[in-house]
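The values are calculated or read from the model by the stated rules, or taken from the named source; none is laboratory data. Owing to the predicted nature of the structure, the values given are computational and were not obtained by experimental measurement. With ideal geometry, Cβ positions are generated from the backbone for all residues, glycine too; neighbour counts draw on all protein chains shown.
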Amino acid sequence: MAETKKLAVKMHKVTKTFGKVIANKDVDLELREGEILALLGENGSGKTTLMNMLSGIYFPDYGEIHIHGESVTICSPKDAFALGIGMIHQHFKLVDVLTAAENIVLGLDGGLTVNRKEVNRKVAELAQRYGFEVDPAKKIYNMAVSEKQTVEILKVLYRGADILILDEPTAVLTPQETEKLFAVLRNMKKDGKSIIIITHKLNEVMSISDRVAILRKGEYIGVVNTAETNQSQLTEMMVGRPINLKIDRPQVKKKEARLKVVDLTCLNGDGVKALNNVSFTAHGGEILGVAGIAGSGQKELCEVIAGLHPAIGGSVLFTGEHNGEPIKERILELKPDEIAKRGIAMAYVPEDRLGMGLVANMDMTDNVMLRSYKENKGIFVDRKTPRALSEKLIEELEIVTPGVDTPVGRLSGGNVQKVLLGREIAYEPSVLVVAYPVRGLDINSSYRIYDLLNEQKRKGVAVIFIGEDLDVLMEISDRLMVMCGGRISGIVNPREVTKDEIGLMMIHVGEEKTDDEEVEE
């Protein structure tokens, strides 16, 4: 019989409430020494809250935590560090103007001066031990996202952590960067480190983890050995019912050009080119996927098309109909309300849902009215129509909310996204631009969003889908446009390329591969 590994972490009957909301209820969780445990659950299932208690950010209402067999009390992140627990958050906490090594030793006890040469040597040794690629003397502001993540991991290892918690570690990595990270995690496991990964990507769970623990609605459902399960079983445990994991890609025969972008160039807030001579065509009845590592110009591309960001060169042409009459407009210089006045049916769902898309402290009716209040001709605002639309969206999109009068900021991430996307598609756009529509959403909510986008495609809408999950982009897109450093490195048929080829295009602009035509099945 194989020897059972000792427990690095044991959480017993851990409970945490926020007012009347029960985030975790009597949760039991065990992490063995020298294993990688994946933590799965829908949005609102309590994953992050549970890990925040382990890392000292929250304190449990009641329950027990044991570290390496000893009962402990964790009141702060400092207590967690003293116990060898380190959490790597999705949003990095680094000082841009300092080097990698300086960030790693920042805040540690010591004298007033730092021996940079010695610190650089120690950091380089630590990196080499686990297979990290990092220059200790490189400034953070010169680093790619994957390098910054490396610094965050080295920071907790340098402080002696042997229990690591990684929150969505691959959200902004290319496939090649993900494989490098997984190789490092496997080296850390061999060295006896215990690792918990929070992720929504089931293919990565199957690839990297030894066991999978599942939470549902704040309660512990169970744990399974990764080698003895599959994606369908894990999904059913998370959601409570079977889910079809296949993403449809319906074919629309008639595809007409809706949006033509020619040599588009713009600057970011620092005066650096965010887009550099970008050209492509979006057709009605197709989903044009856009892939690229974070900061490749996706945000600026969306905002220029929607009239929210100025361009310094190029053109954006819209072709469609208004009241049965054909229209063709150059929309680059137009503001959003001017675009609407010209009869151009365009909708934009930004990645910042509660910053740019919706107003958190306003209810659903008022948020729907943001799209239509300027159409009122009298002094009185029509609330009846937006309220009826809100009630219709709740029913059709299965939005979980106490009612149309509840502030949208109180809804879960998936329901907020349904409100935003539902509001935009209710106005029957010809072009729909969506940026990271399923970011942070659970599987159930994500697949409902995919269905909504495919419904628009069937209606002849040109859907531009900016995403970060390459598996999803390659399944749902008719064509895939890959961006790198503000330029297009290729527009390809996702059926004819591999994930690795797309990953290489995301980090290198070589001879441009362009298939900017309709894709036939």
Study note, to complete from the structure: The lone condition K155 fails out of (1) without any contact (Cβ under 8 Å) to a residue 24 or more places away in the chain; (2) part of a helix (DSSP H, G or I) is (1)
**Study point:** Qualifying position, being of a type outside the set (G, A, S), closer than 27 Å to M238 by Cβ and surrounded by 22 or more Cβ atoms within 10 Å (Cβ to Cβ), among K5, K10, K16
**Key:** K16
Point to revise | Those residues of the range 398-409 which are surrounded by fewer than 19 Cβ atoms within 10 Å (Cβ to Cβ), in contact (Cβ under 8 Å) with a residue 40 or more places away in the chain and assigned to a loop (DSSP other than H, G, I, E, B), in sequence order | key: E398, D405, T406
Check your understanding: Within the range 431-446, can you find the residues that are crowded, with 19+ Cβ neighbours inside 10 Å and more than 17 Å from C302 (Cβ to Cβ)?
Key -> L441, D442, I443, S445, S446
**Study point:** the range 269-283 - residue that is of a type in the set (G, A, S) and modelled with pLDDT under 95 and, of those, nearest to I491 (Cα to Cα)
**Key:** A274
Exercise for review: Taking L504 as the residue in question, decide whether it is closer than 29 Å to K254 by Cβ, touching a residue at least 12 places away in the same chain (Cβ under 8 Å) and either part of a helix (DSSP H, G or I) or touching a Phe, Trp or Tyr at 6+ places or on another chain (Cβ under 9 Å) (or both).
Suggested key: no
Exercise for review: Filter the range 258-277 down to residues that are under 23 Å from the mean Cα position of the chain (by Cα) and surrounded by 16 or more Cβ atoms within 10 Å (Cβ to Cβ), then give me how many there are.
Suggested key: 2
Practice item. Taking the options K246, K273, K299, name whichever one is in contact with a Gly (Cβ under 6 Å, 6 or more places away or on another chain) and of a type in the set (D, E, K, R). Key: K273
Point to revise | Tally, over the range 214-257, of residues that are farther than 23 Å from D471 by Cα and within 23 Å of the chain's Cα centre (by Cα) | key: 4
Exercise for review: Could you tell me which numbered condition L259 fails, if it satisfies all but one of (1) free of Cβ contacts under 8 Å to residues at least 60 places away in the same chain; (2) under 19 Å from A462 (Cβ atoms); (3) not in a loop (DSSP other than H, G, I, E, B); (4) not aromatic (F, W, Y)?
Suggested key: (1)
Review point. Can you tell me which residues in the range 228-243 are surrounded by fewer than 13 Cβ atoms within 10 Å (Cβ to Cβ) and either touching a His at 6+ places or on another chain (Cβ under 6 Å) or of a type in the set (D, E, K, R) (or both)?
Key: E228, R241
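Here's the yes/no breakdown for (1) in contact with a helix residue (DSSP H, G or I) (Cβ under 9 Å, 6 or more places away or on another chain); (2) modelled with pLDDT under 85; (3) among the aromatic types (F, W, Y):
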{"site": "R371", "(1), (2), (3)": "yes, yes, no"}
{"site": "K374", "(1), (2), (3)": "yes, yes, no"}
{"site": "F380", "(1), (2), (3)": "no, yes, yes"}
{"site": "R383", "(1), (2), (3)": "yes, yes, no"}
{"site": "P386", "(1), (2), (3)": "yes, no, no"}
{"site": "E398", "(1), (2), (3)": "yes, yes, no"}
{"site": "G403", "(1), (2), (3)": "yes, no, no"}
{"site": "L411", "(1), (2), (3)": "yes, yes, no"}
{"site": "V419", "(1), (2), (3)": "yes, no, no"}
Exercise for review: Working only within the range 285-341, note down all residues that are small (G, A, S), crowded, with 17+ Cβ neighbours inside 10 Å and either more than 16 Å from K260 (Cα to Cα) or within 26 Å of the chain's Cα centre (by Cα) (or both).
Suggested key: G285, G289, A291, G292, S296, G297, A306, G307, A340
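The rows are residues; the columns are (1) at pLDDT below 90; (2) basic (K, R); (3) within 24 Å of S296 (Cβ to Cβ).
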position: G86; (1), (2), (3): no, no, no
position: K93; (1), (2), (3): yes, yes, yes
position: E102; (1), (2), (3): no, no, no
position: V114; (1), (2), (3): yes, no, no
position: R129; (1), (2), (3): no, yes, no
position: A144; (1), (2), (3): yes, no, yes
Exercise for review: Please find, within the range 50-83, the residue that is nearest to E30 (Cα to Cα) out of those that are among the small types (G, A, S) and under 30 Å from the mean Cα position of the chain (by Cα).
Suggested key: S55
Check your understanding: For the range 184-212, which residues satisfy the criterion of being in a strand (DSSP E or B) and touching an Asp or Glu at 6+ places or on another chain (Cβ under 7 Å)?
Key -> S194, I198, R211
Study note, to complete from the structure: Of R186, R121, R216, the only residue that is modelled with pLDDT of 90 or more, of a type outside the set (A, V, I, L, M, F, W, C) and under 25 Å from A80 (Cβ atoms) is R186
Point to revise | Leading residue by the ranking (nearest to K457 (Cα to Cα)) among those in the range 347-366 that are small (G, A, S) and surrounded by fewer than 21 Cβ atoms within 10 Å (Cβ to Cβ) | key: G355
Check your understanding: Inside the range 4-21, can you point out the residues that are small (G, A, S) and under 16 Å from M51 (Cα atoms)?
Key -> A8
Point to revise | Any chance K25 is more than 15 Å from I196 (Cβ to Cβ), part of a strand (DSSP E or B) and more than 29 Å from the chain's Cα centre (by Cα) | key: no
